[in-house]
Amino acid sequence: MRTPSPTPLVYGVIWFCLLILTGLTTAVAFADLGSFSVAVAIAISCMKAGLIVVFFMHLLRTFNIVRIAAVSGLVWLLILIALTFGDYVTRNWAAK
Amino acid sequence: MTNPDAMALRFQFENAEQQERAATFGMWIFLATEVLMFGTLFTAYGIYRLWYGDAFMAASNHMDLLLGGLNTAVLLTSSLTMALAVDAARKGKNTSVVIFLIATMLIGTLFLGVKFYEYWDHWQKAEFPGRGFRFEPGYSGHAELFFFFYFLMTGLHAVHMIIGLGILGLLALGARLGSFSATYNTPVEMTGLYWHFVDIVWVFLYPLFYLVGRHLH
């Protein structure tokens, strides 16, 4: 079952959006946002990754089982990050 | 080369759709393992950046922002040409497939060329981790930790690119020999998934190594 894929024009538009987001993340890096800098940078990168996954990798148009594999990878990554950071960040929290 | 449609369906599959679903499923499972492999490195980087933010900012400002930004644009363009190659394969346009695959390879090689120039440049400036490492005083070796992660993670990424270039070459050869058609082009699509994944990894590497301390200037 082959669903229609994006046209070359759509690919071009997405590519242009990716370049814009690259410029955006670079420009924002020069602003002093304190601890928000990391969050903004990651957020923009996630947007770019999202565009690539949806439009270039056709994840929304593919078989259901495939989406499960993709999402599971993301879920396990989030578990890895959450538990690892949770460990280190909460050290030395015990009352003295 | 033989008729691609005739030899496309392997004996263990009932029909072409099931075969394509299995291939795509398998490739995404592989990509999930890759996400976790790079994920551990990103997490370790994250912890050290949390602890030694100042050193990481200072070290990041020693990266060439222009080259890093341009390289990001270069790699994104290679993803475009790869997507166009897959699109051409779906339409059975083998000549276009070859052209777009070769374009992807050339652009990917350009990316690697810039990367290796950057590596050489860092080496010249004694910014390669190890005995000869030199940096501004006051960062207690934590700047060296930044460069350790830089070379490790972008190096691992570069290895993935080199392997990808090899696969692209074989794919271009296959397309030239008429191995693919509008009904059978799964190898092209799967290679596309791999290449886009490698691009996504760089999308995260770029801000985390090149943009950490720019607000300090």
- Note on the structure: If you go through A:Val54, A:Val40, A:Val66, the only one that is surrounded by 12 or more Cβ atoms within 10 Å (Cβ to Cβ), within 8 Å of another protein chain (Cβ to nearest Cβ) and outside any loop (DSSP other than H, G, I, E, B) is A:Val66
- Item | Residue ID - farthest from B:Phe42 (Cα to Cα), chosen from residues in region B:186-217 that are touching a residue at least 24 places away in the same chain (Cβ under 8 Å) and more than 22 Å from the chain's Cα centre (by Cα) | B:His217
- By residue number, the members of region A:1-28 that are in a helix (DSSP H, G or I), within 30 Å of A:Ile65 (Cβ to Cβ) and at the interface with another protein chain (Cβ under 7 Å from one of its Cβ atoms) are A:Pro8, A:Tyr11, A:Trp15, A:Leu18
- List the helices (runs of 4 or more DSSP H) that sit entirely inside region B:1-100 and contain at least 2 residues that are β-branched (Val, Ile, Thr). B:16-51, B:65-90
- The number of residues in region B:133-169 that are in contact with a Leu (Cβ under 8 Å, 6 or more places away or on another chain), closer than 25 Å to B:Asn61 by Cα and not polar (S, T, N, Q) is 6
- Item | For A:Ala31: the one exception among (1) over 16 Å from the mean Cα position of the chain (by Cα); (2) within 9 Å of chain B (Cβ to nearest Cβ); (3) part of a helix (DSSP H, G or I) | (3)
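If you scan region B:86-111, which residues turn out to be touching a residue at least 40 places away in the same chain (Cβ under 8 Å), buried (at least 18 other Cβ atoms within 10 Å of the Cβ) and aliphatic (A, V, I, L, M)?
Correct list: B:Val86, B:Ala89, B:Val97, B:Val98, B:Leu101, B:Met105.
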- Query: Of the conditions (1) under 22 Å from B:Arg214 (Cα atoms); (2) facing chain A (nearest Cβ under 8 Å); (3) modelled with pLDDT under 95, B:Gly53 fails just one. Which one is it?
  - Reply: (2)
- Taking region B:182-217, which residues are among the hydroxyl-bearing types (Ser, Thr, Tyr) and part of a helix (DSSP H, G or I)? B:Thr186, B:Thr191, B:Tyr194, B:Tyr206, B:Tyr210
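Report the residue count in region A:75-96 for those that are among the aliphatic types (A, V, I, L, M) and either touching a helix residue (DSSP H, G or I) at 6+ places or on another chain (Cβ under 6 Å) or surrounded by 13 or more Cβ atoms within 10 Å (Cβ to Cβ) (or both).
Result for region A:75-96: 3.
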- Query: Just wondering, is there one or more residues in region B:114-131 that are surrounded by 20 or more Cβ atoms within 10 Å (Cβ to Cβ), part of a loop (DSSP other than H, G, I, E, B) and among the acidic types (Asp, Glu)?
  - Reply: yes
- If you take the residues of region B:56-83 that are free of Cβ contacts under 8 Å to residues at least 40 places away in the same chain and closer than 23 Å to B:Trp120 by Cβ, which of them is farthest from the other protein chains (Cβ to nearest Cβ)? B:Leu66
- Task: Say whether the condition of being assigned to a helix (DSSP H, G or I), hydrophobic (A, V, I, L, M, F, W, C) and under 30 Å from A:Leu21 (Cα atoms) is met by at least one residue in region B:172-181.
- Result: no
- Query: What number of residues within region B:89-136 are at pLDDT below 95 and touching a Ser or Thr at 6+ places or on another chain (Cβ under 7 Å)?
  - Reply: 2
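The values are calculated or read from the model by the stated rules, or taken from the named source; none is laboratory data. Remember, it's a predicted structure, so these values are computed and weren't measured experimentally. Counting neighbours? That spans all protein chains shown, and the Cβs are built from the backbone with ideal geometry, glycine included.
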